[in-house]
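A short worksheet on the structure shown next.
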Amino acid sequence: MGAELDHVRRLLVHEPRGHRDMYAAVLVPSELPAAQLGALFLHGQGYSTMCGHAVLALGRFALDGGLVPAPSRPETAVTIHCPCGPVTAFVPWDGQRSGSRVRFHSVPAFAAAADVTVDVPGHGKVVVDIGYGGAFYAFLSAERLGLDVCSSKTQDLVDAASAVTEAVKRQFKLHHPDNEELAFLYGTILTDGKDAFSDEPTTNICVFADAQEAKCGDYNAVVVEVSGEAFYTGTATFVVEEEDPLKYGFSLK
């Protein structure tokens, strides 16, 4: 799709119809018998293999749009075939309309590597962990980069996380036990450093572009459950005129 229909992505997520932080999900048929729908995820820089926000929204849409022939009360399971694999959303259903509080079970998540040392320009040797939960991310405390996720400037956090991402891509080879097309680093998550020591909510920033025991290849894995709320904000019809020189959009940074 990226090679043949990338103009559709640009049309939808770039200016003037979208913006640099726009995210989109394109519904496609799935060859999996258990899946009610398939989804491709688009953003300003390209494509992604998994998006939790989109799964929450698609769960509601599948019920209200009639994509699930016989929804059940009080909750209906909706299996969405994502690029990373099947993800199951659980959507409240009162017999006529879906509820906003949706949860989902993601694909098996595992720690791909721990305590990996990479040389990050401007920051020296930095130790990161690498995890997979539909996409590979590098994880580290912002403190290791001389930053704080709550008080540092957003641009400083973004720049540092981006530098870590590029360093890991250059210096560490990823492997996915089921599908090597998934073996790429999607981004870096900077934490407040408290996630390993407290059951209280923690803060992190994700820069990109618990559960049932499971196995993924030789990795010990978990199937993570995430919940959140999905609300409708409106509907839109986009128009493309052939003579429009900017019909496929433009990007502002």
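The values are calculated or read from the model by the stated rules, or taken from the named source; none is laboratory data. Since the model is a prediction, treat every value here as computed from it, not as a measurement. Virtual Cβ from ideal backbone geometry, glycine too; neighbours counted across all protein chains shown. In case anyone asks, the SASA skips ligands and DNA or RNA and just uses the protein heavy atoms, side chains included. Shrake-Rupley method; radii C 1.70, N 1.55, O 1.52, S 1.80 Å.
So the values come out like this:
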item	result
Dipole magnitude of the chain, debye to nearest 20 (Cβ charges: Lys/Arg +1, Asp/Glu -1, about Cα centre)	220 debye
Inter-centroid distance (Cα atoms) of the range 65-85 relative to the range 104-130, Å	33 Å
The range 9-145, relative contact order in percent, only Cα pairs under 8 angstrom and at least six apart counted	16 percent
Helix-only mean residue ellipticity at 222 nm for the chain, each DSSP H run of n ≥ 4 adding -39500 (n - 2.57), per residue, nearest 500	-5000 deg cm²/dmol
Whichever aspartates and glutamates have a C-alpha closer than 15 Å to that of LYS125, once near sequence neighbours (fewer than 8 apart) are set aside	ASP115, GLU143, GLU166
Pairs of alpha carbons in the range 1-95 whose separation is greater than 18 Å (percent)	48 percent
Alpha-carbon gyration tensor eigenvalues x 5, square-rooted, for the chain, Å	31, 25, 18
Equivalent ellipsoid semi-axes, the range 82-225, via Cα gyration tensor eigenvalues times 5, rooted, Å	29, 20, 14
Accessible surface of the chain [probe 1.4 Å, protein heavy atoms]: carbon and sulfur percent	52 percent
Rounded accessible area per residue of the chain, 1.4 Å, Å²	57 Å²
Qualifying chymotrypsin sites (Phe, Trp or Tyr not before Pro) for the range 1-69 [loop in DSSP, other Cβ within 10 Å: at most 13]	none
Vicinal HN-Hα couplings computed from phi for the range 86-99 (Karplus, 6.51 cos²θ - 1.76 cosθ + 1.60; Hz; Gly/Pro x)	x, 10, 10, 9, 10, 10, x, 9, 9, x, 10, 8, 7, x
Qualifying lysines (Cα of each under 18 Å from Cα of LYS153; at least 8 residues distant if same chain)	LYS253
Total formal charge among the other residues, if their Cβ is under 12 angstrom from that of ASP21, Lys/Arg +1 and Asp/Glu -1	+1
